[in-house]
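> Can you keep this structure in mind? I'll have questions shortly.
The values are calculated or read from the model by the stated rules, or taken from the named source; none is laboratory data. Since we're looking at a predicted model, the values are computed, not measured. When we count neighbours, we look across all protein chains shown, and the Cβ atoms used for this are built from the backbone with ideal geometry, even at glycine.
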Amino acid sequence: MSVKRSIQNIGHRVVSAVWRIGVATRFFLLTLAYSGTSFRRFHLTIKELFSTGVMSLIIIIVAGLFVGMVLGLQGYETLKRYGSESALGVMVALGLVRELGPVVAALLFASRAGSAMTAEIGLMKATEQITAMEMMAVNPIARIVAPRFWAGVISMPLLAAMFSAVGVFGGYFVGVVQIGVDEGSFWSQMQAAVDFREDILNGVIKSFVFGTVVTVIALFEGYDAPPTAEGVSGATTRTVVTSSLAILMLDFILTAIMFRGN
Amino acid sequence: MSPNSLVEIRDLNFAYDKRPVLEGINMDFPRGKLIAIMGLSGCGKTTLLRHIGGALKPTKGYVKVDGQIIHELDQDGLYAMRRKMGMLFQFGALFTDMSVYDNVAFQMREHTDLPEELIHDLVLMKLHAVGLRGTHSLMPSELSGGMARRVALARTVALDPMLIMYDEPFAGLDPISLTVVGDLIRRLNNALGATSVVVTHDVQESLKIVDYVYFMANGVIVAEGTPDEIRASERDFVRQFVHGEIDGPVPFHYPGGDYRQDLALGA
């Protein structure tokens, strides 16, 4: 009997999960369909760009700086064994633009901006603001969701770029200024080895995909949250957990497609 | 439908899953009148309001507003109809990321091409009507509960709706705010020539201002009449409700098992 019940439970969970993915996909398509307002009245999107992007700058810059500094230190320690300290610039830059920039910036973006989006929309729902908007004949997906979606999609690649740039500076500070690696080889090898299409563009594509996924998850969780304190807190947690896992899984898939071990 | 009725509700039935919430509701809201729908919490009042606003579809019957059956409208038709309606929510539902001014201006900016100078004057006039012109630069978090309700009222009537719905407008207000809001509901209805429906369980305040009352219990209408008829009613339910008596057809105890058995005293 308990085995039967366990199987039923598993089946129920699977059906619910598939159902939820379907609802989220429909939500995403509706967001795209009602995106006209976000561009016609671009000031709505700019307002969200400020709270999503600009307000995330501090955490992105500080984290980027420290990640770059650690990369510089660890990279130097490893490269020194092979007498290749001059390649430190290449290692720091490739590590950042290909992987750490998009991934760590997206993880921070999910925790800082994603959780805020979920909580804000969840509370708007709990306090009937979304119902009120519908009763005023204003589509909440067009007015509330779509501007936030585009703000997330636009700001994520910019934040990742900022993260990588500051990270390179952190690596330079530790490697060149503190340890004394040759400045000329640090920059020239980086310039020679980092390819615009292969490395930078692929990094931008990654951060664009992560930005889209994180923002959709955050907005959907907020919009779908039960209108209670417990519901909103649960939705906020789910946003951070689901987006973080999605970022890491997608990163592997994208890396496998883009680089294929070449 | 009487030509004087703005809202006509006929044989309205609604069920959540298979649990009936509304059964065979018939109502008429004549134009220009202020109607109250009263009843205990959970009797289906708010569900009825959501049917009038088109947020729910009936399982049987219909709600007709200004000659149009609400649940048969497509999204564009429903949104066009909602532009002619206003709804005041229980706790105001002001947009917390906007100032008082922007809240009242919201519908004007969304639905009209009025120049900002004209919107400015209209917003101040609406706020003046509810006595809160001086609060236009404040944020909703800086308002008291009664003030937030009045700002929400100004936002509700921003586009001069023909039908105004109030969901528990008196809940949680102090006696002065309660009288102020009640008085505003009556005055705005008369000034705008609108039709208003107030869903409430605040008997005394509503009987002072409304023209007609429907009493609901368990999803059906159990009594109706003018405020004087309701005050004089000898029906058990109405008397218990109007006078707030403990004894009556509405039991004090939620249905449960045998008390002695629950206390493990044996039968």
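> Picking from B:Leu138, B:Leu127, which residue would you name as being modelled with pLDDT of 90 or more, within 22 Å of the chain's Cα centre (by Cα) and more than 21 Å from B:Leu49 (Cβ to Cβ)?
Only one candidate passes the filter, namely B:Leu127.
> Which ones in the stretch B:9-42 are among the basic types (Lys, Arg) and assigned to a strand (DSSP E or B)?
Once the filter is applied, which keeps residues that are among the basic types (Lys, Arg) and assigned to a strand (DSSP E or B), the stretch B:9-42 yields B:Arg10, B:Arg19.
> Considering the stretch B:125-146 alone, what residues qualify as being part of a helix (DSSP H, G or I), farther than 16 Å from B:Leu159 by Cβ and not charged (D, E, K, R)?
B:His128, B:Gly134, B:Thr135, B:Pro140, B:Ser141, B:Gly145, B:Gly146 - these are the residues of the stretch B:125-146 that are part of a helix (DSSP H, G or I), farther than 16 Å from B:Leu159 by Cβ and not charged (D, E, K, R).
> So which pairs qualify, if the first residue must be in the stretch B:92-113 and surrounded by fewer than 21 Cβ atoms within 10 Å (Cβ to Cβ), the second must be in a loop (DSSP other than H, G, I, E, B) and among the aromatic types (Phe, Trp, Tyr), the Cβ gap must be under 9 Å, and the two must be at least 6 apart or on different chains?
Once the first residue is surrounded by fewer than 21 Cβ atoms within 10 Å (Cβ to Cβ) and sits in the stretch B:92-113, its partners that are in a loop (DSSP other than H, G, I, E, B) and among the aromatic types (Phe, Trp, Tyr) give B:Asp102/B:Phe95.
The rows are residues; the columns are (1) at pLDDT below 95; (2) not basic (Lys, Arg).
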position: A:Thr127; (1), (2): yes, yes
position: A:Ala132; (1), (2): yes, yes
position: A:Ala137; (1), (2): yes, yes
position: A:Pro140; (1), (2): yes, yes
position: A:Arg143; (1), (2): yes, no
position: A:Phe149; (1), (2): no, yes
position: A:Ala160; (1), (2): no, yes
position: A:Ala165; (1), (2): no, yes
position: A:Val176; (1), (2): yes, yes
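> Going through the stretch A:31-74 one residue at a time, which ones are charged (D, E, K, R) and assigned to a helix (DSSP H, G or I)?
Applying the first criterion (charged (D, E, K, R)) to the stretch A:31-74 yields A:40-41, A:47-48.
The answer is A:Arg40, A:Lys47, A:Glu48.
> Still on this structure, I have one more. Exactly one condition in (1) of a type in the set (D, E, K, R); (2) closer than 30 Å to A:Gly75 by Cα; (3) in contact (Cβ under 8 Å) with a residue 60 or more places away in the chain is false for A:Arg112; which is it?
(3)
> I would also like to ask the following. Quick one: would you say A:Thr236 is under 26 Å from A:Ser16 (Cβ atoms) and of a type outside the set (Asp, Glu)?
For A:Thr236, the condition - under 26 Å from A:Ser16 (Cβ atoms) and of a type outside the set (Asp, Glu) - is met.
> Among the residues of the stretch B:65-85, are any in contact (Cβ under 8 Å) with a residue 40 or more places away in the chain, surrounded by fewer than 19 Cβ atoms within 10 Å (Cβ to Cβ) and closer than 15 Å to A:Ala137 by Cα?
Yes.
> So which of A:Arg13, A:Arg20 is charged (D, E, K, R) and loosely packed, with under 11 Cβ neighbours inside 10 Å?
Result of the check over A:Arg13, A:Arg20: A:Arg13.
> Suppose we keep only residues that are under 22 Å from B:Phe215 (Cα atoms) and assigned to a strand (DSSP E or B) within the stretch B:46-98. Which one would you say is farthest from the other protein chains (Cβ to nearest Cβ)?
For the stretch B:46-98, the residue satisfying everything is B:Lys60.
> Also: Name the residue that is surrounded by the fewest Cβ atoms within 10 Å (Cβ to Cβ), counting only residues in the stretch A:74-133 that are of a type in the set (D, E, K, R) and either touching a His at 6+ places or on another chain (Cβ under 7 Å) or away from chain B (no Cβ under 14 Å) (or both).
Just the residues of the stretch A:74-133 that are of a type in the set (D, E, K, R), to begin with: A:77, A:80-81, A:85, A:98-99, A:112, A:120, A:125, A:128.
Next cut, either touching a His at 6+ places or on another chain (Cβ under 7 Å) or away from chain B (no Cβ under 14 Å) (or both) only: A:77, A:80-81, A:85, A:98-99, A:112.
Details: A:Glu77: 11, A:Lys80: 13, A:Arg81: 8, A:Glu85: 20, A:Arg98: 21, A:Glu99: 16, A:Arg112: 18.
In this case the residue turns out to be A:Arg81.
> Moving on. Taking B:Leu138 and the conditions (1) buried (at least 22 other Cβ atoms within 10 Å of the Cβ); (2) hydrophobic (A, V, I, L, M, F, W, C); (3) more than 22 Å from B:Met87 (Cβ to Cβ), which numbered condition does it fall short on, given that it satisfies the others?
Result: B:Leu138 passes all but (1).
> I've got another one for you. Does B:Ala154 satisfy the criteria of being more than 10 Å from every other protein chain (Cβ to nearest Cβ), under 22 Å from the mean Cα position of the chain (by Cα), over 24 Å from B:Phe29 (Cα atoms) and part of a helix (DSSP H, G or I)? Even if it seems obvious, please write down each step before you answer.
Details: more than 10 Å from every other protein chain (Cβ to nearest Cβ): yes; under 22 Å from the mean Cα position of the chain (by Cα): yes; over 24 Å from B:Phe29 (Cα atoms): no; part of a helix (DSSP H, G or I): yes.
The answer is no for B:Ala154.
> How about the stretch B:119-147: which of its residues are among the hydrophobic types (A, V, I, L, M, F, W, C) and touching a Ser or Thr at 6+ places or on another chain (Cβ under 9 Å)?
B:Ile119, B:Leu127, B:Leu138, B:Met139, B:Leu143, B:Met147
> To continue, here is another question. Where in the stretch A:163-262 are there helices (runs of 4 or more DSSP H), lying wholly inside it, with at least 3 residues that are under 12 Å from the mean Cα position of the chain (by Cα)? Give the steps one after another, and end with the answer.
On the way: elements: A:183-193, A:202-224, A:229-259.
Helices (runs of 4 or more DSSP H) meeting the threshold: A:202-224, A:229-259.
> Looking at the stretch A:134-162 only, could you name the residues that are in a helix (DSSP H, G or I), in contact (Cβ under 8 Å) with a residue 40 or more places away in the chain and out of contact with any helix residue (DSSP H, G or I) (no Cβ under 6 Å at 6 or more places or on another chain)?
A:Arg143, A:Ile154, A:Leu158, A:Ala161
> Restricting the search to the stretch B:13-58, which residues are in contact (Cβ under 8 Å) with a residue 12 or more places away in the chain, basic (Lys, Arg) and surrounded by fewer than 16 Cβ atoms within 10 Å (Cβ to Cβ)?
Correct list: B:Lys57 only.
> Only residues that are of a type in the set (S, T, N, Q) and away from chain B (no Cβ under 14 Å): list them for the stretch A:134-177, please.
Across the stretch A:134-177, the qualifying residues are A:Ser155, A:Ser164.
> Just checking, how many residues over the stretch B:170-203 are loosely packed, with under 15 Cβ neighbours inside 10 Å and over 17 Å from B:Arg155 (Cβ atoms)?
Here the count works out to 8.
> Go through the stretch B:181-208 and give me each residue that's within 22 Å of B:Ser144 (Cβ to Cβ) and of a type in the set (A, V, I, L, M).
Listed by number, the residues that qualify are B:Val181, B:Leu184, B:Ile185, B:Leu188, B:Val198.
> Name the residue, out of A:Glu77, A:Glu120, that is touching a residue at least 24 places away in the same chain (Cβ under 8 Å), of a type in the set (D, E, K, R), part of a helix (DSSP H, G or I) and out of contact with any Ser or Thr (no Cβ under 8 Å at 6 or more places or on another chain).
A:Glu120
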